Amino acid sequence: YSEEEKTEDYLFKIVLIGDSAVGKSNLLARYARNEFYPNSKSTIGVEFQTQKMDINGKEVKAQIWDTAGQERFRAVTSAYYRGAVGALLVYDISRRQTFDSIGRWLNELHRNLLSLCSHSCHISGVLDSLFIGTAHSDMNVVTILVGNKSDLKDAREVTTAEGKTLAEDEGLFFMETSALDSSNVTAAFQTVVKEIYDIIL
Ligand code: GDP
Ligand code: MG
């Protein structure tokens, strides 16, 4: 493709959600910078990180938002969700409690995106500000359920089948990842971005 064909730009806001310490910040660090923090504190979270991707010869930018640890206090604000078109909903396969929280996170995601809708009336109006140089119709938030820390085989408390079943029931994509050994990290982010791209075009 020529440079001219590449001028169209897409920017998708994607949010990372899930309980504290499931590995959200490390998934983003691994994906965006190929880094891992063995003893990270919740303060390492940046507000967002913009990552360029190439999909079918088009440059797509994913603006991936990470919390600064406010999920510990169940205080993720609506501003965090505003304008998001994709979400990674993360739990830790070695802590069942974080898997049990997924329903609550899904409710919060839907509640925030619905209230956004009722304030702005037309979701497409909201999305207009997110996509640079493209027309699009309405869409839902593309969500992937992510079972992180798949490297902790001996400490596993949630089976792969359980994750898969929940994802199927809720209509979500599903993947198990490890920010530690990198497995499926890029794939998880790419699944979301690719699906958003396919929906709007
Ligand atoms: P967050 O609170 O969800 O952002 O979680 P963090 O990214 O801060 O990670 C919490 C802790 O889990 C840190 O000590 C990380 O080193 C560790 N961690 C994150 N991802 C993985 C992983 O895939 N495997 C293992 N074994 N540990 C991880
Ligand atoms: Mg974090």
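The values are calculated or read from the model by the stated rules, or taken from the named source; none is laboratory data. As the structure is a prediction and not an experimental result, all values here were calculated from the model. We place every Cβ from the backbone using ideal geometry, glycine too, and count neighbours over all the protein chains shown.
Output the residues belonging to region 64-79 that are surrounded by 21 or more Cβ atoms within 10 Å (Cβ to Cβ) and either more than 13 Å from ligand 1 (Cβ to nearest atom) or touching a residue at least 60 places away in the same chain (Cβ under 8 Å) (or both).
ILE64
Among the residues of region 112-122, is there at least one that is within 16 Å of ligand 2 (Cβ to nearest atom) and either modelled with pLDDT under 85 or under 21 Å from LEU27 (Cβ atoms) (or both)?
Looking for residues that are within 16 Å of ligand 2 (Cβ to nearest atom) and either modelled with pLDDT under 85 or under 21 Å from LEU27 (Cβ atoms) (or both), one finds none in region 112-122, hence no.
Only one of ASN39, ASN56 is within 22 Å of SER182 (Cα to Cα), out of contact with any strand residue (DSSP E or B) (no Cβ under 9 Å at 6 or more places or on another chain) and away from ligand 2 (no atom under 12 Å from the Cβ). Can you tell me which?
Just a single option satisfies the conditions, and that option is ASN39.
Hey, among the residues in region 143-172 that are free of Cβ contacts under 8 Å to residues at least 24 places away in the same chain and of a type in the set (D, E, K, R), which one's nearest to VAL90 (Cα to Cα)?
It comes out as LYS164.
Exactly one condition in (1) modelled with pLDDT of 85 or more; (2) over 15 Å from ILE144 (Cα atoms); (3) within 12 Å of ligand 1 (Cβ to nearest atom); (4) small (Gly, Ala, Ser) is false for SER40; which is it?
The one condition SER40 does not meet is (1).
Can you list the helices (runs of 4 or more DSSP H) lying wholly within region 18-113 that have 1 or more residues being farther than 18 Å from GLY163 by Cβ?
Numbers: elements: 24-33, 78-81, 96-100.
Because the criterion is at least 1 residues that are farther than 18 Å from GLY163 by Cβ, the helices (runs of 4 or more DSSP H) in region 18-113 that meet it are 24-33, 78-81.
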